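Chemist: Okay, handing you the structure first.
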Amino acid sequence: MAAPDPLQLAAAVRNACVRAALDGYEQAQIAGLCQEGAWEAAVDAMRMVDLRTILQESAAAADSLPQRHD
């Protein structure tokens, strides 16, 4: 099992957090929350990002890469 590249893993986590925040903020705005409430919803959405899934997907992607034999 190959270890995922740390930069790719960090980028995947960042992208998941940004998507969650944008979606949470948009949904809160649609629901009629004020900007402060929408921001709180965005932060909560980031807190709920499933890190285990990101790690599993990153590990699977690393395993699908050709192995280097240095």
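The values are calculated or read from the model by the stated rules, or taken from the named source; none is laboratory data. The structure displayed is predicted, hence computed values, not measured ones. Neighbour counts run over all protein chains shown; Cβ positions are idealised from the backbone, glycine included. Surface accessibility is based on the protein's heavy atoms, side chains included, excluding ligands, DNA and RNA. Shrake-Rupley method; radii C 1.70, N 1.55, O 1.52, S 1.80 Å.
Chemist: Return one number: the angle in degrees, 0 to 90 and rounded to the nearest 10, between the long axis of the Cα atoms of helix 51-64 and the longest principal axis of the Cα atoms of the chain.
Modeler: 30
Chemist: On a 0 to 90 degree scale, rounded to 10, what angle separates helix 6-30 from the longest Cα axis of the chain?
Modeler: The two axes meet at around 20 degrees.
Chemist: Now for a separate question. In nm, give the distance between the simple-model label positions of residue 18 and residue 48, each being 7 Å from the Cα along the Cα-to-Cβ direction.
Modeler: The modelled label-to-label distance comes out at 2.2 nm.
Chemist: While we're on this one: Carbon-plus-sulfur fraction of the accessible area of the range 1-50, 1.4 Å probe, in percent?
Modeler: 59
Chemist: Relative to the compact-globule scaling 2.2 N^0.38 Å, provide the ratio for the alpha-carbon radius of gyration of the chain.
Modeler: Against the compact-globule rule of thumb, the ratio is 1.47.
Chemist: Same structure, new question: Add -39500 (n - 2.57) for each DSSP H run of 4 or more in the chain, then divide by its residues: what number comes out at 222 nm, to the nearest 500 deg cm²/dmol?
Modeler: -25000 deg cm²/dmol
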